Amino acid sequence: MLSALKEGAYQHGGYRTFVVTDSKRRVISASTFVDRLVNYALCQRYIIPYTEPFLLPHTAACRRRRGTSYARRNLRQFIHQLSSHDKATCYVLRVDIRHFYDSIPHARLKQFIASAPYPEEVKGLCYQIIESYHASPGKGLPLGNQTSQWWANATLHSLDTLIVQQLGHRFYARYMDDLVLLHPDKQALQVTRQHIIQHLWELGLAYHPRKTQLFPLKNGVEWLGWRYQLTANQGCYHVLPQRIKRRLRLKFKHQPLANEHVTTYRHYLQTGKAYFFSKRYLPSSSRSFNEGL
């Protein structure tokens, strides 16, 4: 493999596709073992060192120490700060991008790679990986490649810059293509929504009209598997949404869980107010859950 890479003879192969329906239906495109190694090495040696420094701290997903726990903690802090400093009604803008991975234009990614300080043979390898998958002509990244995660994150960096640096929003968080903004002025969020829609159009992307919503913070915010709710004293706690409870009940009832899966769910449930739910459906758990979170 190393000699093929050095000589430029390496060719990225095809994909094996399968569907997962854990939280929602996703089509995963898995590459071969050798191709996964190449993707990993490319990320570690070139893509991550170049991309990570310019991503804003508001952005989570696939970043070291900036995963779902980091994103959820940021949102809780935003809700607490905004609601405690401004007793008036606050508002939430949630933006979701329609078919995000499948809509990313190859031409824009190639422009990004062309501007990076990579050796020419590395740029050629990146172009080859991009061209190895097409959801539609000239568009799409496969769910399954590590390079896809970083290129997808970098694609929306200009949107992060627009929201934070140009429009001046402090209470903003993004987990891949799922954006949430908080502000005491509803009209300011309406204007921001139009800016976001326009910028997505310029990137060759489109927002999801049903999942893009503007609503009062007092209604609660559902994000990354939890529902965040204000308390009477303007604090914040988060609980499992009913739809996720139903899905987990069915999963725990009909599918025996391996020990490692029990540990994963136990860790997930202990990050919020799910003590009684976890006690009922994961009775072997001996850990204490943070009921006050």
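Does residue 218 meet the test of being of a type in the set (Lys, Arg), assigned to a loop (DSSP other than H, G, I, E, B) and either out of contact with any strand residue (DSSP E or B) (no Cβ under 9 Å at 6 or more places or on another chain) or farther than 26 Å from residue 46 by Cα (or both)? Let's see the steps before the verdict.
Numbers: of a type in the set (Lys, Arg): yes; assigned to a loop (DSSP other than H, G, I, E, B): no; either out of contact with any strand residue (DSSP E or B) (no Cβ under 9 Å at 6 or more places or on another chain) or farther than 26 Å from residue 46 by Cα (or both): yes.
Considered against the rule, which asks whether it is of a type in the set (Lys, Arg), assigned to a loop (DSSP other than H, G, I, E, B) and either out of contact with any strand residue (DSSP E or B) (no Cβ under 9 Å at 6 or more places or on another chain) or farther than 26 Å from residue 46 by Cα (or both), residue 218 comes out as no.
Only residues that are surrounded by fewer than 17 Cβ atoms within 10 Å (Cβ to Cβ) and either under 14 Å from the mean Cα position of the chain (by Cα) or modelled with pLDDT of 85 or more (or both): list them for region 78-93, please. Break it down stepwise before answering.
Initial filter on region 78-93 (surrounded by fewer than 17 Cβ atoms within 10 Å (Cβ to Cβ)): 80-81, 84-89.
Those that are surrounded by fewer than 17 Cβ atoms within 10 Å (Cβ to Cβ) and either under 14 Å from the mean Cα position of the chain (by Cα) or modelled with pLDDT of 85 or more (or both): none in region 78-93.
Give me the residue from region 126-161 that is more than 21 Å from residue 207 (Cβ to Cβ) and outside any helix (DSSP H, G or I) and, out of that set, modelled with the lowest pLDDT.
144
Please determine whether any residue of region 158-166 is among the charged types (D, E, K, R), within 26 Å of residue 40 (Cβ to Cβ) and open to solvent by less than 10 Å² (accessible area, probe 1.4 Å).
Quick first cut of region 158-166, residues among the charged types (D, E, K, R) only: 160.
Still in the running and within 26 Å of residue 40 (Cβ to Cβ): 160.
Keeping just the survivors that are open to solvent by less than 10 Å² (accessible area, probe 1.4 Å) gives 160.
Within region 158-166, one or more residues are among the charged types (D, E, K, R), within 26 Å of residue 40 (Cβ to Cβ) and open to solvent by less than 10 Å² (accessible area, probe 1.4 Å).
So for region 113-122 (the condition being within 23 Å of residue 16 (Cα to Cα) and in contact with a helix residue (DSSP H, G or I) (Cβ under 8 Å, 6 or more places away or on another chain)), does at least one residue qualify? Explain how you work it out, then say what you get.
Step one: of region 113-122, the residues within 23 Å of residue 16 (Cα to Cα) are none.
No, region 113-122 has no match at all.
Does residue 16 satisfy the criteria of being modelled with pLDDT under 90, open to solvent by 70 Å² or more (accessible area, probe 1.4 Å) and more than 16 Å from residue 150 (Cα to Cα)?
Numbers: modelled with pLDDT under 90: yes; open to solvent by 70 Å² or more (accessible area, probe 1.4 Å): yes; more than 16 Å from residue 150 (Cα to Cα): yes.
Yes; evaluated as a whole, the condition is true for this residue.
Taking the condition of being within 23 Å of residue 79 (Cα to Cα) and surrounded by 16 or more Cβ atoms within 10 Å (Cβ to Cβ), how many residues in region 189-204 meet it?
Looking only at that region, the number is 4.
I need the full set of residues from region 108-127 which are free of Cβ contacts under 8 Å to residues at least 40 places away in the same chain and either open to solvent by 30 Å² or more (accessible area, probe 1.4 Å) or of a type outside the set (Lys, Arg) (or both), in order please. I'd like the intermediate steps shown before the answer.
Filtering region 108-127 down to residues free of Cβ contacts under 8 Å to residues at least 40 places away in the same chain leaves 110-111, 113-115, 119-120, 123, 127.
Hits for region 108-127 are 110, 111, 113, 114, 115, 119, 120, 127.
Quick check on region 205-212. Is at least one of its residues surrounded by fewer than 17 Cβ atoms within 10 Å (Cβ to Cβ), of a type outside the set (Asp, Glu), assigned to a loop (DSSP other than H, G, I, E, B) and in contact with a helix residue (DSSP H, G or I) (Cβ under 8 Å, 6 or more places away or on another chain)? Show your work before the answer.
Filtering region 205-212 for residues surrounded by fewer than 17 Cβ atoms within 10 Å (Cβ to Cβ) gives 206, 208-211.
This time we only want the ones that are of a type outside the set (Asp, Glu), so: 206, 208-211.
Keeping just the survivors that are assigned to a loop (DSSP other than H, G, I, E, B) gives 206, 208-211.
From the residues that got through so far, the ones that are in contact with a helix residue (DSSP H, G or I) (Cβ under 8 Å, 6 or more places away or on another chain) too are 206.
Within region 205-212, one or more residues are surrounded by fewer than 17 Cβ atoms within 10 Å (Cβ to Cβ), of a type outside the set (Asp, Glu), assigned to a loop (DSSP other than H, G, I, E, B) and in contact with a helix residue (DSSP H, G or I) (Cβ under 8 Å, 6 or more places away or on another chain).
What number of residues within region 179-238 satisfy the criterion of being among the aromatic types (Phe, Trp, Tyr) and touching a Pro at 6+ places or on another chain (Cβ under 9 Å)?
Narrowing region 179-238 to residues among the aromatic types (Phe, Trp, Tyr): 201, 207, 215, 223, 226, 228, 237.
Okay, now just the ones that are also touching a Pro at 6+ places or on another chain (Cβ under 9 Å), so 226.
Total satisfying the criteria: 1.
Is region 51-70 home to any residue that is assigned to a helix (DSSP H, G or I), open to solvent by less than 40 Å² (accessible area, probe 1.4 Å) and modelled with pLDDT of 90 or more? I'd like the intermediate steps shown before the answer.
First, the residues of region 51-70 that are assigned to a helix (DSSP H, G or I): 51-54, 68-70.
Add one more test, that the residue is open to solvent by less than 40 Å² (accessible area, probe 1.4 Å), and what stays is 51, 70.
Okay, now just the ones that are also modelled with pLDDT of 90 or more, so 51.
Looking through region 51-70, at least one residue is assigned to a helix (DSSP H, G or I), open to solvent by less than 40 Å² (accessible area, probe 1.4 Å) and modelled with pLDDT of 90 or more.
Out of (1) without any contact (Cβ under 8 Å) to a residue 24 or more places away in the chain; (2) among the aliphatic types (A, V, I, L, M); (3) open to solvent by less than 20 Å² (accessible area, probe 1.4 Å), the odd one out for residue 104 is which?
In the conditions (1) without any contact (Cβ under 8 Å) to a residue 24 or more places away in the chain; (2) among the aliphatic types (A, V, I, L, M); (3) open to solvent by less than 20 Å² (accessible area, probe 1.4 Å), residue 104 misses (1) alone.
State whether the residues of region 175-188 include one that is surrounded by fewer than 17 Cβ atoms within 10 Å (Cβ to Cβ) and of a type in the set (S, T, N, Q).
Yes.
Can you tell me which residue within region 9-44, out of those that are basic (Lys, Arg) and touching a residue at least 40 places away in the same chain (Cβ under 8 Å), is nearest to residue 161 (Cα to Cα)?
In this case the residue turns out to be 26.
In region 76-125, how many residues are farther than 30 Å from residue 222 by Cβ, of a type outside the set (Gly, Ala, Ser) and assigned to a helix (DSSP H, G or I)?
12
The values are calculated or read from the model by the stated rules, or taken from the named source; none is laboratory data. A quick note: this is a predicted structure, and the numbers were derived from the prediction, not measured. Positions of Cβ are generated from backbone atoms using ideal geometry, with glycine treated the same way; all protein chains shown enter the neighbour counts. Remember, those area values only see protein heavy atoms, side chains included, never the ligands or the DNA or RNA. Shrake-Rupley method; radii C 1.70, N 1.55, O 1.52, S 1.80 Å.
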